[in-house]
């Protein structure tokens with residue numbers, strides 16, 4: 001059981017540790033370095049999300065898993081803000097190109113699309129009660145956006161030539177995809193009625 | 001075949017086509033087959049090409065300590081005649097500085113064959129791609145900004161080619 005936690009720690013820790021040894025860092029300023037690592041951490045947080053909501057982390061009750069999912073969702077939005085703000089400070093014209101979908105780099109539109117999906121989910125999650133969104137409505141919104149976030153983040157990350165070491169980056173991306181597919185299958189997210197309602201009662 | 005976007009990377013990707021091969025060969029050698037010269041199209045500014053541009057970079061022997069070569073050709077649209085004495089500005093994120101910093105910028109002139117070559121510090125990846133920037137903006141011809149991408153961050157040279165049309 002502890003193996004799952006160890007595997008998660010390795011999947012997050014190894015890419016960050018290897019990126020910290022990248023020779024690229026020598027040629028970067030502190031703000032650019034911070035922006036880069038915020039991006040790596042953000043990808044790691046994306047991995048935690050399906051594991052938490054699927055209840056795959058032993059020792060966490062469904063209630064605590066859901067609470068952690070919300071907090072990590074907030075942390076993910078914050079990491080993305082740091083990533084984008086740091087890159088903006090590093091090279092404003094390149095960041096503006098990316099945000100306006102006019103960048104020459106093929107990975108930028110994937111990252112920017114995932115960013116907007118993260119912001120929409122974070123804002124809706126924060127306002128869910130106030131807006132009176134029912135759980136079923138919320139899931140109809142959240143699940144497609146979660147798929148956009150995962151796919152966008154993985155493609156964005158894989159196409160970038162930066163501080164991340166190639167193999168550890170590929171493993172982390174594969175883990176994100178695998179965890180997402182597993183939670184979608186296990187929770188049968190394409191089913192609308194019985195399963196979801198049963199779970200929502202159990203999990204509330 | 002339909003060629004929607006005319007940039008060097010698309011040409012490299014489209015190696016199978018005869019048309020692309022013709023352009024690729026001209027791009028690599030810097031020479032143009034006379035038969036094709038008549039309708040030589042002007043180079044379009046690349047997206048992001050002008051990012052971190054600084055006006056009026058000085059003509060230098062080399063940028064910083066060198067170790068990396070930026071080279072290319074400048075020709076006239078239509079007949080493809082080489083353009084001598086044209087000022088090309090070059091900048092990049094290198095081991096000696098970021099793109100926007102003055103020491104990362106320099107300029108050089110084309111020789112009588114329309115070729116230019118400037119030594120500069122090693123280019124390293126910035127914003128996820130190892131790339132350089134070049135500009136022609138001396139006024140006689142229409143301004144063009146290029147942003148060639150290196151196939152690998154380990155390469156120690158990069159080429160970019162200008163075909164200019166009258167301003």
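Brief remarks on what is shown
- Net length available on complete extension from residue A:138 to residue A:71 is 22.4 nm, with 0.36 nm assigned per residue and the Cα-Cα distance removed.
- Cβ crowding within 10 Å ranks A:128, B:117 as B:117, A:128, fewest other Cβ atoms first.
- Label-point gap, in nm, between residue B:84 and residue A:165 - each point 7 angstrom along Cα→Cβ: 5.4 nm
- Counts of other chain beta carbons within 10 angstrom of each beta carbon in peptide A:84-92 average 2.
- Helix A:135-159 vs. chain A, principal-axis angle (Cα, 0 to 90°, nearest 10): 30 degrees
- The range B:136-151 versus the range A:81-111: alpha-carbon centroid distance in Å: 22 Å
- Semi-axes of the equivalent ellipsoid for the range B:68-164, Cα gyration tensor, largest first, Å: 24, 13, 12
- Among B:90, A:72, a tally of other beta-carbon atoms within 10 Å of each Cβ gives an order, fewest to most, of A:72, B:90.
- Between the range A:128-173 and the range A:36-56, the alpha-carbon centres lie 9 Å apart.
- Pairwise Cα inverse-distance average, inverted: Kirkwood Rh of the protein assembly as shown (Å): 23.2 Å
- Residues A:101, A:32, arranged from fewest to most other Cβ atoms within 10 angstrom of their Cβ, appear as A:101, A:32.
- For the pair residue B:115 and residue B:65, the difference between a 0.36 nm per residue extended length and the Cα-Cα distance amounts to 15.8 nm.
- Entry note, chain A: the mean residue ellipticity at 222 nm calculated from DSSP H runs of n ≥ 4, each adding -39500 (n - 2.57), is -27000 deg cm²/dmol after division by the residues and rounding to the nearest 500.
- Per-residue mean of C-beta atoms belonging to partner chains within 10 Å, peptide A:99-106: 4
- 0 to 90° range, to nearest 10: angle between helix A:194-203 axis and chain A longest Cα axis: 80 degrees
- Averaging the sequence gap over all C-alpha pairs within less than 8 Å and six or more residues apart, then dividing by the number of residues, gives the range B:68-164 a relative contact order of 35 percent.
- C-alpha long axis of helix A:2-20 to longest principal axis of chain A, angle in °: 20 degrees
- For chain A, the pair-distance distribution built from all alpha carbon pairs, in bins 10 Å wide starting at 0, is 8, 34, 35, 18, 5, 0 percent.
None of the figures in this text is laboratory data; all of them are computed from the coordinates on show. Please read these numbers as outputs of a predicted model, since none were measured by experiment. Don't worry about glycine lacking a Cβ; one is built from the backbone with ideal geometry, like all the others, and counts go over all protein chains shown.
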